[in-house]
Amino acid sequence: MIPKHMQQFYIDGEWVDPLSSARLGVENPATEEIVAEVALGNAADADRAILAARAAFGAWTVVPVAERIAVVKRILDVYNSRYEDFAQAMSLEMGAPITWAREAQAWAGQVHIESTIKAAEKMQWEYMRGTTRIVLEGIGVCALITPWNWPMNQIACKVAPALVAGCTMVLKPSEIAPLSGVLFAEVCHEAGVPKGVFNLVNGTGPEVGARMSAHPEVDMVSFTGSTRAGTAVAAAAAPTVKRVAQELGGKSPNIILPSADLEAAVKGGVEGCFGNTGQSCDAPTRMFVPRAAHDKALGYAREVADAVVAGDPRDTATTMGPLVSKLQFDKVQRLIQAGIDEGATLVCGGTGRPAGLNRGWFVRPTVFGNVTNDMTVAREEIFGPVLAILPYDSLDHAVEMANDTPYGLAAYIAGPVEEAHPVARRLRAGTVNLNYPAWDTFAPFGGYKQSGNGREYADWGIHDFCEVKGIVGWGA
């Protein structure tokens, strides 16, 4: 599904032609064919959108909260009416299997808008503390920079809370997967978002993203992407002392407790690692198993990998699509080879494409055993369906290795809940998942250490877009 406005930007309530003449082909990663062309903006395009957002802020931020929530509800209604368009767009732009695109990718946008609405309706936007009035109000103009791996998840997690908080914004989706972002701008227009409140400019990070991060009229940057890019955003934002919220990389540990159901725990962990073709920042990519159970765990992991069906994303039988680009493909190939070269046991998979596929950026679901925590596959974020299984000698040993990483986005524990509780408290991660629970869109999502700062989802995300004002003497 190709939106009709791929050659334009959405600024001040209108679709406008870009000032830049740059264009970029949008590739279907399953076929390596160019299926669309997107306009790439420059600093002047970013300026135009930022100034539109600035002009709209004064009127929008004083709109009563209930009316701002009503606007987001209209966005949800329009989004739902175009749900299949979003699923088709994300399947095309990032190679997501169509069932996954419908049940996970498009659903993520929907559920986060719903959660934001529910949270906003229950929030205390103003309250008294003694004689002081505490007021939550929008921080101002926000630059929203989102990634390609969960396009609507991240757009919804930023746009919806920014709107209900009373902020205005400029969204820059990933130029690699821009179809769904343009669709979302069409939804906002149809929903009647006031002009200038929501704006969209496509472009690269070094061009548009850098300008948005540094612009003096931007009050906040909300960025999701790699840790490398996140540090560049923070550096660009620092001179103007704007708020920066970042959701960055991860290398999430998954500790299988000695008393866990080994087969269920291992298979659930492998499925979690391979979901979205391994292209999730919070994927459980390091599995820690008791040393005595290591070899049996490798067998269970192989069973899951062998059951993966890689192929045409349009086929409902397909369970794994391609990686998003040749750049990602080459990176994953390099890291798989590093695992082999450094002496990890290659349980299944390896370099090259899966059997029967000779085009598209498909990779073989890969499992390594006998991994040590100093190996490249245990240290670097791979962002592909590659699992490292590490044996441990004691729970203290497992926790020590789990925390021995610059990342701290998510962690996983499988086993009896009462045994998992004390382990969960020791893990340095923003989200700890016990026994592969259902996705909780009201839980705080964000990282420790180099996985970022700030929290997203529901009221956590809304608070990130708010300033806290104390009016002292209000009740005197």
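Observations
- One residue from I176, I117 being surrounded by fewer than 24 Cβ atoms within 10 Å (Cβ to Cβ), without any contact (Cβ under 8 Å) to a residue 60 or more places away in the chain and not acidic (D, E): I117
- Scanning the range 241-281 for residues that are in a strand (DSSP E or B) and either among the hydroxyl-bearing types (S, T, Y) or under 14 Å from the mean Cα position of the chain (by Cα) (or both) gives A245, Q246, E247.
- Residues in the range 3-55 that are crowded, with 21+ Cβ neighbours inside 10 Å and part of a helix (DSSP H, G or I): D45, A46, A49, I50, A52, A53.
- Selected residue (criterion: surrounded by the most Cβ atoms within 10 Å (Cβ to Cβ)) from residues of the range 207-228 that are in a helix (DSSP H, G or I) and modelled with pLDDT of 95 or more: M212
- Test: residue in the range 330-346 that is over 28 Å from the mean Cα position of the chain (by Cα), more than 15 Å from P391 (Cβ to Cβ) and among the aliphatic types (A, V, I, L, M): yes
- Residues located in the range 361-398, provided they are in a helix (DSSP H, G or I) and either surrounded by fewer than 21 Cβ atoms within 10 Å (Cβ to Cβ) or free of Cβ contacts under 8 Å to residues at least 40 places away in the same chain (or both): T376, R379, L395, D396, H397
- Positions within the range 329-360 being out of contact with any strand residue (DSSP E or B) (no Cβ under 9 Å at 6 or more places or on another chain) and either among the β-branched types (V, I, T) or crowded, with 17+ Cβ neighbours inside 10 Å (or both), in sequence order: F329, K331, Q333
For (1) modelled with pLDDT of 95 or more; (2) surrounded by 24 or more Cβ atoms within 10 Å (Cβ to Cβ); (3) under 29 Å from G321 (Cα atoms); (4) in the same structural domain as R48 (by TED's automatic domain parsing), each residue gets a yes or a no:
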site: V135; (1), (2), (3), (4): yes, no, no, yes
site: I139; (1), (2), (3), (4): yes, no, no, yes
site: E186; (1), (2), (3), (4): yes, no, yes, yes
site: L200; (1), (2), (3), (4): yes, yes, yes, yes
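- Counting only residues that are over 26 Å from I69 (Cα atoms), in contact with a helix residue (DSSP H, G or I) (Cβ under 7 Å, 6 or more places away or on another chain) and not in a helix (DSSP H, G or I), the range 436-460 holds 2 of them.
- Yes/no for G446 being buried (at least 17 other Cβ atoms within 10 Å of the Cβ), within 26 Å of Q110 (Cβ to Cβ), in contact (Cβ under 8 Å) with a residue 12 or more places away in the chain and under 17 Å from the mean Cα position of the chain (by Cα): yes
- Condition check for P284 on (1) surrounded by 20 or more Cβ atoms within 10 Å (Cβ to Cβ); (2) in contact with a helix residue (DSSP H, G or I) (Cβ under 8 Å, 6 or more places away or on another chain); (3) without any contact (Cβ under 8 Å) to a residue 60 or more places away in the chain: one failure, at (3).
The values are calculated or read from the model by the stated rules, or taken from the named source; none is laboratory data. Remember, it's a predicted structure, so these values are computed and weren't measured experimentally. Using ideal geometry, Cβ is built from the backbone for each residue, glycine included, and neighbour counts are taken over all protein chains shown.
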